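The values are calculated or read from the model by the stated rules, or taken from the named source; none is laboratory data. All values derive from a computational prediction rather than experimental measurement. Methodologically, a virtual Cβ is constructed for each residue, glycine included, from the backbone with ideal geometry; neighbour enumeration extends over all protein chains shown.
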């Protein structure tokens, strides 16, 4: 009988102690003694009666939220904000009648704000790994409100990247893509990370999948093209772009990109056709107009240089005739280049290379007024 009474007595003492620890934690927290408050509340959550009370977990959430704000305790309690979040969520679970719902949700909101603030502070001190974890926590808290903290997700990705945690950075950038935040740029970021990790195939797959949703996004097409060109995989670049252009013939960017490939391959006639198709779709497309004009311009310069190299004091009639033809053909090529470069100039009158090319053409074709105009523009840019 005595043995039975001893057990009852211990249980009763244990439950009272649980209440005492909760009260002690509350008072210590109120007095700003957060270390003591933490000690008391950790004891309380080990006691059966107090650990089933939402009040215990609400206090715990508030205590660790205060600890996270106390810079003198940062090193001692590095996970204070996460503990605070978990405590508030446990309180929410136990608050069956939702009497403290507003208080709990306010606490969680403060955790989210605190996590974002910590992330910014760590970022500013270049502690990028901890910054990423803080932004991850902010995004996790937001999800408890059924909200997506897009900025936190993106910031986490950026910080993981700066911390050279490539796999995590890619994962977070993919999260950004899933919530359509900072798209299509995030696909370029993912591609770059794969390329830096010497995984060009994964980079290409990322870009190709992105182009399904953003078929007219020039940056994606150009990035894919750059991978092919870097690897000198011209044939693959050509075949992929040809197929894409056939499937989407009104996409001027695809035709321009295909023209660039042919240009790099030295297939100038095919490049001209592709550039012309791009201009046919979009007459004021700067890149296509400029590249086509530059192609003709460069061919003209090569012809002039070849004619100059042929010169000698005594030339046969055949040699003189050949030189004359080269000069005439080159002059005609400059004339052919002119309207495309003029169209490019109309789109972007501040492009220096376009102005220089037009100045040279006008000098060769004897268009003095236009030559002076281009020359004055260049002087004004110096």
Residues of segment 112-129 classified as surrounded by fewer than 21 Cβ atoms within 10 Å (Cβ to Cβ) and in contact (Cβ under 8 Å) with a residue 40 or more places away in the chain, total: 0
Options 254, 243, 258: the member that is out of contact with any helix residue (DSSP H, G or I) (no Cβ under 9 Å at 6 or more places or on another chain) and outside the structural domain of residue 351 (by TED's automatic domain parsing): 243
Breaking point among (1) within 35 Å of the chain's Cα centre (by Cα); (2) within 30 Å of residue 239 (Cβ to Cβ), for residue 341: (2)
Members of segment 92-111 found to be buried (at least 18 other Cβ atoms within 10 Å of the Cβ) and within 19 Å of residue 81 (Cα to Cα), listed by number: 92, 104, 107, 108, 110, 111
Test: residue in segment 134-142 that is free of Cβ contacts under 8 Å to residues at least 12 places away in the same chain and assigned to a helix (DSSP H, G or I): no
Per-region count, segment 363-377, residues more than 21 Å from residue 301 (Cα to Cα) and either touching a residue at least 12 places away in the same chain (Cβ under 8 Å) or not in a helix (DSSP H, G or I) (or both): 1
Segment 299-357 - residue that is in contact (Cβ under 8 Å) with a residue 40 or more places away in the chain and outside any helix (DSSP H, G or I) and, of those, nearest to residue 284 (Cα to Cα): 348
